[in-house]
Each structure stands twice: as C-alpha cells, then as structure tokens.
C-alpha cells in the first residue's frame, strides 16, 4: 500500500488512472484506457435515456 501523498510518483506521464483508497492508503490503481469510461450507474442510465433507450428493471425471480 502507498500513502496517498506518495502516489503521484507512480502516475503515468499521460492518461487517466483510477485509484482505490482505504484508510488514507492507496490500495489499488488501474489505468483507464482510451476506449473506456468511468461513470456512476445513475450517469450511465441518464446517458442511455438521452440516447433514446428505455431502461426497464429486470423482474425479481424470487417474487
């Protein structure tokens, strides 16, 4: 694990990086590639609706 203050030393020169932190320590990093996007589920649903699609929740099989 890295202290988040030291994490900058390990960043790539170009690109985007996703960090996972726990208790002030960087526990994981992942380079986000040019063909990838990071968004919340809410943002993804909004984009899908803006594109003209309808989002329908799946039926719960346990009901």
- Query: What tally of residues in region 27-59 results from selecting those that are under 30 Å from residue 2 (Cα atoms) and more than 20 Å from the chain's Cα centre (by Cα)?
  - Reply: 0
- Message: Being in a loop (DSSP other than H, G, I, E, B), touching a strand residue (DSSP E or B) at 6+ places or on another chain (Cβ under 7 Å) and more than 22 Å from residue 39 (Cβ to Cβ) is the filter here; which residues of region 1-23 pass it?
- Response: 1, 4
- Item | Residue count for region 39-63, restricted to those that are surrounded by fewer than 10 Cβ atoms within 10 Å (Cβ to Cβ) and either on the phi > 0 side of the Ramachandran plot or out of contact with any helix residue (DSSP H, G or I) (no Cβ under 8 Å at 6 or more places or on another chain) (or both) | 15
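Throughout, read-outs are computed from the coordinates displayed, never taken from laboratory work. Keep in mind that this is a model prediction, so the values were computed, not measured. When we count neighbours, we look across all protein chains shown, and the Cβ atoms used for this are built from the backbone with ideal geometry, even at glycine.
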